[in-house]
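Take a look at the structure below.
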Amino acid sequence: MKLADLFNGFLLDMDGVVYVGGNPIKGSADTIKYLKEKGKTVLFLTNDPRRSPSEYADKLRSIGIQASAEDVITSAMAIALHICEEHDSLENMTAYVIGSNPLRNQIRETGIKIVNGEEGKYADFVILGSHPDFHYDEMKIATLALRNGADFYATNRDPAYPSEEGHIPATGAILASVEVASGIKAKVAGKPESMIFEVALEKMNKNKIVMIGDRLDTDILGGKNAGLSTILVLSGSTKKKDLEDSEIKPDYVINDVRDLLKDIPAK
Ligand SMILES: [Mg+2]
């Protein structure tokens, strides 16, 4: 029996699982093709809202993986869907958004009006995502809006991410500054929080679901929190030594996604 036979639904992290940066991980396209041919549902989950679902689908197709925008769930999308579910109408509601254009667009599509400057200080929502041009004025407007009662959402709490220069500040660092200044904690959408999984599971509508990722503190912990089976791949940021040192233990550990089509490994 193959490992893949244990599951009907597959939630896959992207970077470190199907590609690393711009390069596909060997065999990922064939493996995903096989899963789909077997009638399994495959969704791609990412904390990174700097691209839209259709841009991620384009990237996946460019490395030979059949995917459409409907197959991709970003943390931005999770916030938008969550807010829609919580409110009967979003007419006349406003958001101050710190983040990328895809994040702004996703929020705009809900019907919420995005406001800036003076208006931003009285927004109904503050929504924070990854942002390389983060400025003190943004921290200030967000803080004032929150102190005026805005509802606070963030795409993820990732503290730093690897770059050619080393690990550089990510969304979690920006988020911390606004949380400290406002004294208010954001509701976070991305892994390991449950919001992104709730959206994914609703979309998937299957039993026997597995979360596959390359990070213990986001993918695997998030999958466990959501009550799913978990598989760690060693093709991304986690090495065997990190796994030994961590209290977070996945159900299965494989070298890369190709091993889904091999015999079930020992636990
Ligand atoms: Mg990853």
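Table for the structure above
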{"item": "Residue identified as in contact (Cβ under 8 Å) with a residue 24 or more places away in the chain and assigned to a helix (DSSP H, G or I) among I73, I83", "result": "I83"}
{"item": "Residue within the stretch 166-180 that is without any contact (Cβ under 8 Å) to a residue 24 or more places away in the chain, surrounded by fewer than 22 Cβ atoms within 10 Å (Cβ to Cβ) and part of a loop (DSSP other than H, G, I, E, B) present", "result": "no"}
{"item": "Residue selected from the stretch 38-58 under the condition surrounded by fewer than 18 Cβ atoms within 10 Å (Cβ to Cβ) and in a helix (DSSP H, G or I), by the criterion nearest to the ligand (Cβ to nearest atom)", "result": "E55"}
{"item": "Yes/no for P250 being at pLDDT 95 or above, in contact with a Ser or Thr (Cβ under 7 Å, 6 or more places away or on another chain) and over 26 Å from P132 (Cα atoms)", "result": "yes"}
{"item": "Number of the condition not met by L35 [criteria: (1) in contact with a strand residue (DSSP E or B) (Cβ under 7 Å, 6 or more places away or on another chain); (2) assigned to a loop (DSSP other than H, G, I, E, B)]", "result": "(2)"}
{"item": "From L216, L228, L221, L234, residue being within 30 Å of I25 (Cα to Cα), in the same structural domain as N8 (by TED's automatic domain parsing), more than 15 Å from the ligand (Cβ to nearest atom) and modelled with pLDDT of 95 or more", "result": "L228"}
{"item": "Candidate set from the stretch 1-37 (those that are crowded, with 21+ Cβ neighbours inside 10 Å and of a type outside the set (A, V, I, L, M, F, W, C)); member that is nearest to P265 (Cα to Cα)", "result": "T31"}
{"item": "Any pair with Cβ under 8 angstrom, 6 or more apart, that starts in the stretch 39-50 at a residue that is within 13 Å of F197 (Cβ to Cβ) and ends at one that is surrounded by fewer than 24 Cβ atoms within 10 Å (Cβ to Cβ) and basic (K, R)", "result": "L43/K203"}
{"item": "Identity of the residue in the stretch 1-37, within 16 Å of the ligand (Cβ to nearest atom) and polar (S, T, N, Q), that ends up nearest to L232 (Cα to Cα)", "result": "S28"}
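The values are calculated or read from the model by the stated rules, or taken from the named source; none is laboratory data. The shown structure was predicted, so the numbers you read here are calculated from the model rather than taken from an experiment. In this analysis, Cβ positions are derived from the backbone assuming ideal geometry, glycine residues included, and neighbour counts consider all displayed protein chains.
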